[in-house]
Amino acid sequence: MKKNIKKIICFLFVFITAFSVFAEGVDERRSIIEQLSNNSNSSSGNKYSTAEGYARIEKDMASLTSLYKYIERNFLWDIDYQKIYEAMASAMFKSLDDRYSYYVTADESSDYMQRTTGKYGGIGIYFSKTNLQYQDKEDESTLYPYITQVFPASPADKVGLKAGDLILEIDGESTVSISPDDCAALMKGDENTTVNLKIKRGELIFDVSPVRAIINVPSVTYGMVTEEIGYMMINQFYQQTLNDLSDALTKLQNDGMKALIIDLRDCVGGNVQATINIANLFIKNADLLYVNYKDPSKSYSYKADSTLALSSDIPIAILVNKNTASSAEILSSAMRDNNRAVLIGTTTYGKGIMQAVSSYGTGNFSVTVAEFVPPSKTPIHKVGVEPDIVVDSIYIPSEQKDAYLELSTSDLIPSFVKNHPDYTMENVQLFIDENADLEVNKEIIEVLVRNEYYRNMPAENVPVADPWYDPQIKEAISYLNEKLSVNTNK
């Protein structure tokens with residue numbers, strides 16, 4: 001039971017932190033406690049709560065008090081009052097039927113606060129289960145996560161992990177049947193503790209035990225994908241992301257950038273204010289976001305000022321997918337609604353709400369308090385943001401699942417790459433020609449071969465993005481080249 005609760009909390013953490021009150025400041029958290037204190041002694045403190053609602057609350061609480069006292073008088077054995085209190089608090093939040101509103105018990109509070117404030121140990125990698133996706137969502141559980149990036153001097157780097165390595169087990173638990181968020185949660189933990197990983201690299205299977213450390217996560221990855229088109233991937237929105245992105249823009253423009261791809265695929269969000277500041281770099285004198293509370297007097301909006309960090313003449317394409325969430329959806333909507341970017345990919349996750357997160361008693365709680373609405377006034381929450389140009393990710397058909405798993409875990413591709421070490425389109429095609437009997441689609445094989453070549457490259461030589469075999473990047477490059485051609489002919 002406790003293990004399941006931990007998994008739920010870790011899963012929700014990624015999304016809760018995107019809009020938590022920690023991003024808005026301690027004053028808001030303090031006001032929540034004051035409201036709770038005031039409302040416990042008053043039945044008319046909030047005009048947006050009905051008199052009928054307060055009367056129902058008082059009646060229900062009186063009934064629960066009577067029931068609790070009956071148990072105290074008559075239950076044969078000792079009562080764990082703390083356990084009862086936490087069960088009632090947990091049930092109250094659970095009954096709201098909102099996955100983002102919940103109570104965290106005292107036993108879980110230390111771990112929870114550590115995660116929501118971002119102070120936890122990790123091993124310093126990016127990994128993915130979504131580079132290839134199954135056509136049938138029920139089959140996605142059979143994907144192993146693979147490492148896409150190892151941070152220099154990180155615990156992962158120190159034990160020799162490399163991009164392209166498959167993670168088969170984490171502390172003895174198979175990764176094939178758990179979500180990416182649960183995989184991440186299992187690898188996180190207290191600084192100076194050890195996590196045991198079983199890794200597959202080519203034909204080798206081996207164990208490593210990196211010691212967790214506090215990780216400084218790079219928030220922006222960037223580079224040129226053609227002579228004229230720059231690329232930047234925003235991994236998550238932190239306060240530091242604004243500076244990192246500003247530096248990236250300067251360097252890309254110095255490298256001759258005339259168009260830009262912003263990759264928000266698999267970006268789960270982050271700090272809202274940081275997101276607004278980033279949108280302000282590209283948009284001027286326009287609405288960016290509306291924040292609507294139950295009490296309209298608390299609602300407010302964000303508006304861009306008159307300055308720009310990037311000329312409006314530079315066209316932008318933003319890549320999105322089903323895992324683009326929260327703050328990433330806010331930026332995508334603000335850019336598209338203000339005609340500053342085209343969205344390419346698939347419909348986003350659909351989280352457009354903000355949570356108040358605070359300690360209370362011996363535990364902590366999170367409760368949804370506001371909704372985020374983009375300039376177009378089109379809802380985000382539970383809907384997602386529709387792309388302008390729909391380009392699906394590469395999917396593995398259900399009937400090819402077994403063939404894919406056999407190929408991805410066999411020595412066939414590693415052996416070929418070992419004998420043909422140059423990463424060229426010709427070598428990728430050669431592998432396909434030599435293995436024409438494989439019952440896997442060509443585009444899937446291309447990505448698997450590419451991943452193996454990347455794994456064998458020095459980190460500094462790995463391309464920042466894939467203009468050959470990534471369908472969404474290919475579409476973005478095609479779109480931006482056409483825009484550049486039109487601008488040149490004007």
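The values are calculated or read from the model by the stated rules, or taken from the named source; none is laboratory data. Nothing here was measured: the structure is a model prediction, and the numbers come from that model. Glycine also receives a Cβ, built like all others from the backbone with ideal geometry; neighbour counts cover every protein chain displayed.
Starting from residues that are within 30 Å of residue 238 (Cβ to Cβ) and in a helix (DSSP H, G or I), keep the ones in the range 73-108 and report whichever is modelled with the highest pLDDT. Walk me through how you get there before you give the answer.
In the first step, residues of the range 73-108 are kept if they are within 30 Å of residue 238 (Cβ to Cβ); the result is 93, 96, 98-108.
From the residues that got through so far, the ones that are in a helix (DSSP H, G or I) too are 93, 106-108.
Numbers: 93: 92, 106: 66, 107: 65, 108: 61.
Ranking the qualifying residues of the range 73-108, first place goes to 93.
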Within the range 361-405, tally of residues that are aliphatic (A, V, I, L, M) and under 22 Å from residue 298 (Cβ atoms): 5
Close pairs from the range 206-219: first of a type in the set (Lys, Arg), partner part of a loop (DSSP other than H, G, I, E, B), Cβ under 7 Å, at least 6 apart: 212/123; 212/190; 212/191; 212/192; 212/193; 212/195
Out of 423, 469, 453, sole residue that is surrounded by 15 or more Cβ atoms within 10 Å (Cβ to Cβ), more than 26 Å from the chain's Cα centre (by Cα), closer than 23 Å to residue 395 by Cα and not small (Gly, Ala, Ser): 453
Complete set of residues in the range 72-93 that are closer than 21 Å to residue 368 by Cβ and surrounded by fewer than 13 Cβ atoms within 10 Å (Cβ to Cβ): 88, 91
Any chance residue 257 is surrounded by 18 or more Cβ atoms within 10 Å (Cβ to Cβ), assigned to a loop (DSSP other than H, G, I, E, B), of a type outside the set (Lys, Arg) and in contact with a helix residue (DSSP H, G or I) (Cβ under 9 Å, 6 or more places away or on another chain): yes
Pair list, Cβ under 7 Å, 6 or more apart: the range 294-306 residue at negative phi, other residue of a type in the set (D, E, K, R): 301/287; 303/287; 304/284; 305/284; 306/284
Residue in the range 396-407 that is within 28 Å of the chain's Cα centre (by Cα), surrounded by 14 or more Cβ atoms within 10 Å (Cβ to Cβ) and within 21 Å of residue 321 (Cα to Cα) present: yes
Of residues in the range 268-280 being at pLDDT below 95 and either surrounded by fewer than 20 Cβ atoms within 10 Å (Cβ to Cβ) or not aliphatic (A, V, I, L, M) (or both), the one nearest to the chain's Cα centre (by Cα): 269
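Against the condition modelled with pLDDT of 85 or more and closer than 28 Å to residue 320 by Cβ, how does residue 475 come out, does it pass?
Details: modelled with pLDDT of 85 or more: yes; closer than 28 Å to residue 320 by Cβ: yes.
Against the criterion (modelled with pLDDT of 85 or more and closer than 28 Å to residue 320 by Cβ), residue 475 qualifies.
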Single residue of 437, 433 found to be assigned to a helix (DSSP H, G or I), surrounded by fewer than 14 Cβ atoms within 10 Å (Cβ to Cβ) and without any contact (Cβ under 8 Å) to a residue 12 or more places away in the chain: 433
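Among the residues of the range 72-82 satisfying the criterion of being closer than 21 Å to residue 363 by Cβ and not charged (D, E, K, R), which is nearest to the chain's Cα centre (by Cα)?
Pass one, the range 72-82, residues closer than 21 Å to residue 363 by Cβ: 79-82.
Narrowing further to those that are not charged (D, E, K, R): 79, 81-82.
Numbers: 79: 42, 81: 38, 82: 34 Å.
Step by step, filter the range 72-82, then rank; the result is 82.
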Hits in the range 217-254 - residues which are part of a loop (DSSP other than H, G, I, E, B), of a type outside the set (Phe, Trp, Tyr) and within 21 Å of residue 149 (Cβ to Cβ): 217, 218, 219, 225, 235, 236
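To keep it simple, each residue is scored yes or no on (1) farther than 18 Å from residue 322 by Cα; (2) buried (at least 19 other Cβ atoms within 10 Å of the Cβ); (3) modelled with pLDDT of 55 or more; (4) in contact with a Cys (Cβ under 9 Å, 6 or more places away or on another chain).
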position: 110; (1), (2), (3), (4): yes, no, no, no
position: 118; (1), (2), (3), (4): yes, no, no, no
position: 136; (1), (2), (3), (4): no, no, no, no
position: 156; (1), (2), (3), (4): yes, yes, yes, no
In the range 236-267, the residues that are within 15 Å of the chain's Cα centre (by Cα) and basic (Lys, Arg): 265
When residues of the range 344-379 are limited to those that are part of a loop (DSSP other than H, G, I, E, B) and among the β-branched types (Val, Ile, Thr), the one modelled with the lowest pLDDT: 362
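Please verify whether residue 266 is closer than 25 Å to residue 148 by Cβ and not in a loop (DSSP other than H, G, I, E, B), treating the condition exactly as stated. Quick ask: steps written out before the conclusion?
Numbers: closer than 25 Å to residue 148 by Cβ: yes; not in a loop (DSSP other than H, G, I, E, B): no.
Against the criterion (closer than 25 Å to residue 148 by Cβ and not in a loop (DSSP other than H, G, I, E, B)), residue 266 does not qualify.
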